[in-house]
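Step one of this worksheet: look at the structure below.
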Amino acid sequence: MHSISPAGRALARLGGCVRLSAQMNKNSSSMMALAPNTSNKRETVCIFGTGDFGRALGHKMIQSGYPVVYGSRSTQISNLIPKDAEVLGHAEAAQKAAIIIIAIPRQHYNFLTPLAEVLHGKVLVDISNNLKLNQYPQSNAEHLAQLLPGSKVVKAFNTVSAWALQSGTLDASRQVFVCGDDVEAKQMVMNIVRALGLTPLDKGSLLAAQEIENYPLQLFPMWKFPIFLSLGLTAFFFFYCVLLDIIYTYIYEKNDFSFFIAITIPNRVCPVMALILLALVYLPGIFAAIIQLYRGTKYRRFPDWLDKWMLCRKQLGLIALAFASLHVLFTLVTPIRSFVRWKTSTRIISQVMNNKTEPLDHTNAWLSDSYLALGILGFFLFVLLGITSLPSVSNNVNWREFRFVQSKLGYLTLILSTAHTLVYGGKWFLSPSTYKWYLPNIYILSLIVPCAVLVVKFLLIFPCVDKPLTQIRQGWERNPKYSEQSNYIINKSAV
């Protein structure tokens, strides 16, 4: 072996350091080459149409860093157009951008046909809406795709209002449905949606455009049944009270209590409606449990009426909370009513004139305090149920917590509210004088549905019933062969 002098070793170490430094520089250059471009420069977006929505969308895009060019029949710049935007003719504006937003109604799409060559390969974003549901047999986006087969049509932005874009209040309409046949074009549009601070939701191919276009035209689709049911029951109980408390009293006692229509009757109808609607929230779950026990499987669909009922339970509960809140407000104003003050002063004068003081009835005092305590606790839990049903709250709790509040505390709310009504109106069950025209008091009617729900629920929690029901809901089947046949029939009919 040859020995190396100290000077040689020093030179070798120096050479190694030089080679290491060169390698690090090379690696650094490679990493810089692979690093993404962090420039804030965005691609130009063209907007056809200078109407309210086109202007609002263009203004929002300019704020987000997008160069915007408008394609218009008139190239004269209006004061309404965002000052940083450029206004050109349709053909010239389309040549400047790869993404063109069509902010014009469907009936004016024909002017795009002569521009087919200019628009070939471009991404066309259809944002139009119709005046009524299913106005055309074909969606606006599909119609646009047929007019311009060389373009890539994407449906988006039709669920966002111009007012929300202009005012910046996008919390209520932040979600944007997007659909299209070209995956790359759809991704480009979704990137713009995110850049505007909105949330894109991919709905699939352009076949979903009809559903997306119908969405803004639907007026509370999940609220129709609860609202119509509530209005029908409210009208029934209102006229029922008018019949017994006003008409009957006027005919047989010659007393005019027509002013009961303002406060007294609404304050009877509201708690009755709150209790019945709350019971109707949990009644479909009772029906579902009975059906599953009868069938011995969970793999068969419920009847359509039960499916629709279960889907609108949240709306029924919120309407019930509204009635309960009205009942609280009506009750709070009771002491300042002229009729109540007249009754109080008359009773006091009667005691003075007769020189007789009515002794405290401890039984009524207990009933009164119990009735008020049950009502306060029931209303508190009622409000808690309403708060946890809000999306902002329900999204922050896990499934077990949400189920505990909505199911366990929900049934506790129903028990307290039913007990509140029983303590207040129970004395009328056996009193013949309350059956005017042989009709029961309104509070007696209000207890039928909630008491039935609570009795059946009490039977369902017995171990001999709860155990097989839990097994069924975990996937156990009493007759798997029959279940497979029924599933086959269901799937076959669905196809």
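Structure above, values below:
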item: ILE263 paired with ILE336, simple spin-label distance in nm, labels 7 Å along Cα-to-beta-carbon; result: 0.9 nm
item: Fully extended contour minus Cα-Cα distance, from LYS356 to THR199, at 0.36 nm per residue; result: 49.2 nm
item: Nitroxide proxy distance, nm - points 7 Å out along Cα→Cβ at TYR252 and LEU207; result: 6.6 nm
item: Helix runs (DSSP H) in the chain reaching 20 Å along axis by Cα, Kyte-Doolittle at least -0.5; result: 6-34, 224-241, 264-295, 313-332, 338-354, 362-388, 410-425
item: TYR294/PHE220 FRET efficiency (R0 30 Å; Cβ-Cβ; nearest 0.05); result: 0.30
item: Cβ-Cβ FRET estimate between ILE387 and ASN479, R0 fixed at 41 Å, reported to 0.05; result: 0.45
item: Cβ crowding within 10 Å averaged over residues, with 59-66, 157-164 ranked highest first; result: 157-164, 59-66
item: Globularity index of the chain, i.e. its alpha-carbon radius of gyration over 2.2 N^0.38 Å; result: 1.51
item: FRET E, pair LEU80, VAL397, Förster distance 45 Å, beta-carbon r, rounded to 0.05; result: 0.50
item: Links that overshoot a 25 Å alpha carbon limit, given the list LYS356/LYS436; LYS60/LYS314; LYS224/LYS457; LYS96/LYS186; LYS224/LYS467; LYS224/LYS298; result: LYS356/LYS436; LYS60/LYS314; LYS224/LYS457; LYS224/LYS467; LYS224/LYS298
item: Segment ALA98-LYS132, extension gain: residue separation times 0.36 nm, minus the distance between their alpha carbons; result: 9.1 nm
item: Taking N as its residue count, the alpha carbon Rg of the range 55-214 over 2.2 N^0.38 Å; result: 0.98
item: Helix-only CD estimate at 222 nm, as mean residue ellipticity for the chain, using -39500 (n - 2.57) per DSSP H run (n ≥ 4); result: -18000 deg cm²/dmol
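None of the figures in this text is laboratory data; all of them are computed from the coordinates on show. Since the model is a prediction, treat every value here as computed from it, not as a measurement. So basically every Cβ, Gly included, is an ideal-geometry build from the backbone, and we count neighbours across all protein chains shown.
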